[in-house]
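A short write-up of the structure that comes next.
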Amino acid sequence: MSRIIGEKLTNIPWQDKPAGSNAPVWRYSANPIIQRNAIPNSNSVFNSAVVPFEDGFAGVFRCDSRSVSMDIFAGFSKDGVNWEINHEPIQFEGDPEVTKREYRYDPRVVKIGDRYYINWCNGYHGPTIGIGYTTDFKTFHQLENAFLPYNRNGVLFPRKIGDNYAMLSRPSDTGHTPFGDIFYSASPDLTFWANTVM
């Protein structure tokens, strides 16, 4: 028997399995929900990170411009299907040295306590894991990058393990070399990360 950890999602959009399908996962018949040119300068929109928010949903989206600059944008939806994505990328508040970046992509969002934490692949002297938070998807605060380059594909767990935040990440290089390793790291404060025994 399964149990729900966290908040029950009563308004999540759902489509029943198509007749005759024996697949464990199926594609929503109206895909793509978000068109690649959903905002005026976008060439593509993908890797959406969506969470329940207020009476609907909020999300962070990777939108590549026509000149293929990668950045992350906030968006909102009442029903999880019809989205309004901000036309300007997220501007993080924080230390100007930390908020400098070459690119941002592959966002993820989790709610812990009263904050929505965002992490993404951040271009800062090479790919690393950027981390920040918001409470309203309007004002965003950036923390110190979680790891030194080269690291990507960070996934922050949606709850603490013991007294620590926990994250998985993939060590990398300047390209996408498939090392095949996944690292587990823990932090008491989202600033200092180590492989800590729980």
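The values are calculated or read from the model by the stated rules, or taken from the named source; none is laboratory data. This one's a predicted model, so the numbers in the text were calculated from it and none came from an experiment. Quick reminder, even Gly has a Cβ in these numbers, built from the backbone with ideal geometry, and neighbours come from all protein chains shown.
Scan segment 39-52 and tell me whether some residue there is assigned to a loop (DSSP other than H, G, I, E, B), at negative phi and under 18 Å from the mean Cα position of the chain (by Cα).
First pass over segment 39-52, keeping only residues assigned to a loop (DSSP other than H, G, I, E, B): 39-41.
Keeping just the survivors that are at negative phi gives 39-41.
Filter once more, so that each one left must be under 18 Å from the mean Cα position of the chain (by Cα): none.
No: zero hits.
Condition check ((1) of a type in the set (D, E, K, R); (2) assigned to a loop (DSSP other than H, G, I, E, B); (3) more than 29 Å from F57 (Cβ to Cβ); (4) at pLDDT below 90) across all residues:
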| residue | (1), (2), (3), (4) |
| --- | --- |
| Y117 | no, no, no, no |
| G132 | no, no, no, no |
| F137 | no, yes, no, no |
| L148 | no, yes, yes, yes |
| Y165 | no, no, no, no |
| L168 | no, no, no, no |
| F179 | no, yes, yes, yes |
| F192 | no, yes, yes, no |
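Filter segment 124-143 for residues that are among the hydrophobic types (A, V, I, L, M, F, W, C) and under 14 Å from the mean Cα position of the chain (by Cα); which is nearest to T191 (Cα to Cα)? Working first, answer last.
First, the residues of segment 124-143 that are among the hydrophobic types (A, V, I, L, M, F, W, C): 129, 131, 137, 140, 143.
Checking the rest, the ones that are also under 14 Å from the mean Cα position of the chain (by Cα) come to 129, 131, 137, 140.
Numbers: I129: 12, I131: 9, F137: 22, F140: 17 Å.
Among them, the one singled out is I131.
Matching residues to (1) loosely packed, with under 15 Cβ neighbours inside 10 Å; (2) closer than 21 Å to E93 by Cβ:
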residue: Y116; (1), (2): no, yes
residue: I129; (1), (2): no, yes
residue: K138; (1), (2): yes, yes
residue: N145; (1), (2): no, yes
residue: R152; (1), (2): no, no
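In this structure, is P89 loosely packed, with under 13 Cβ neighbours inside 10 Å and not in a strand (DSSP E or B)?
Numbers: loosely packed, with under 13 Cβ neighbours inside 10 Å: no; not in a strand (DSSP E or B): yes.
Spelling it out, it is not the case that P89 is loosely packed, with under 13 Cβ neighbours inside 10 Å and not in a strand (DSSP E or B).
Does any residue in segment 80-103 that is in contact (Cβ under 8 Å) with a residue 40 or more places away in the chain come within less than 8 Å, Cβ to Cβ, of a residue that is among the small types (G, A, S) and assigned to a loop (DSSP other than H, G, I, E, B) six or more places away or on a different chain, and which pairs are these?
Short answer, once both residue conditions are applied: V81/A30; W83/A38; I85/A38.
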